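These notes are about the structure you will find just below.
The values are calculated or read from the model by the stated rules, or taken from the named source; none is laboratory data. Predicted model only: the values in this text are computed from it and were never measured. Note that we place each Cβ from the backbone using ideal geometry, even for glycine, and neighbour counts take in every protein chain shown.
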Amino acid sequence: MFIQKFTFNPFQENTYILYTDTKEGVIIDAGCQTLEERNLLFQFVEEKELKITHLLNTHCHLDHVFGNFFCKKKYNVPLYAHQNEVPVLNFCPQSAQMYGFRPYDHLDKIDIFIDEKQEILVGNEVLKILFVPGHAPGHLAFWHEKDNFVINGDVLFKGSVGRTDFPLCSHADLMNSIKNVLFLLPDDCKVYSGHGSETTIGYEKKYNPYLV
Ligand SMILES: [Zn+2]
């Protein structure tokens, strides 16, 4: 599985495209806000001749959904996320206003609810779904066991953890998700986060000041 990372919008959010050698791909957390950012993503998909099969959200905070409407229309794919993210998604237009953004093309509906009992098939590759609430009530992570990496959104960062001072957050749930879900992954499992650079499970177990 190949991983392409983009960093988009004023929140420096990481959007990922995972794709296979058979040219199927999924977009995770489409944060592309401006025309230029959307063109970057579009050009990459064109260049690699990918068939986008899923639009996935780890969670539905504003900075992770700016590009959902664009991607859904462009690639005619449903939006997949956890059911608990419905109120989070519904809050986005208000959140945009609070941050002083102009109204944006908000995609207001999760098309297909997914949870940890399911898997996502990308071509012949399997993404396992982990339920890791806390930073958001329906936060998911997408784990590719074979290649030993996880796309974990805003749960665990290099040297930090997700904020829990937003509505519907729970610090206790976040800690539980990290310690009892993410930390069960192999120590050399590579972690791709919603902001900042990559890390590994083992590194964070050892050095993350919020967790040691
Ligand atoms: Zn977030």
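One table, with the values for the structure above:
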read-out	value
Qualifying positions in the stretch 178-196 - hydroxyl-bearing (Ser, Thr, Tyr) and closer than 16 Å to residue 61 by Cβ	193
Output for the stretch 82-95, where each listed residue is of a type outside the set (A, V, I, L, M, F, W, C) and not in a helix (DSSP H, G or I)	82
Cβ-Cβ under 9 Å pairs, at least 6 apart or on other chains, the stretch 62-76 side free of Cβ contacts under 8 Å to residues at least 60 places away in the same chain, far side part of a helix (DSSP H, G or I) and among the small types (Gly, Ala, Ser)	62/95; 62/96; 66/96
Filter pass, residue 173 being over 17 Å from the mean Cα position of the chain (by Cα) and surrounded by fewer than 17 Cβ atoms within 10 Å (Cβ to Cβ)	no
Residue pairs meeting the criteria (Cβ under 8 Å; at least 6 apart or on separate chains; first modelled with pLDDT of 95 or more, in the stretch 162-183; second of a type in the set (Phe, Trp, Tyr) and surrounded by 14 or more Cβ atoms within 10 Å (Cβ to Cβ))	177/131; 181/131
Count - residues of the stretch 138-148 that are in contact with a Ser or Thr (Cβ under 8 Å, 6 or more places away or on another chain) and either part of a strand (DSSP E or B) or under 15 Å from residue 190 (Cα atoms) (or both)	3
Filtered residues of the stretch 163-212 (kept if within 13 Å of the ligand (Cβ to nearest atom) and either at negative phi or of a type in the set (Gly, Ala, Ser) (or both))	163, 164, 165, 166, 167, 169, 174, 193, 194, 195, 196
The one condition in (1) crowded, with 16+ Cβ neighbours inside 10 Å; (2) part of a loop (DSSP other than H, G, I, E, B); (3) out of contact with any Gly (no Cβ under 9 Å at 6 or more places or on another chain) that residue 135 fails to fulfil	(3)
Strands (runs of 3 or more DSSP E) contained entirely in the stretch 12-81, each with at least 3 residues that are within 16 Å of the ligand (Cβ to nearest atom) and not basic (Lys, Arg)	13-19
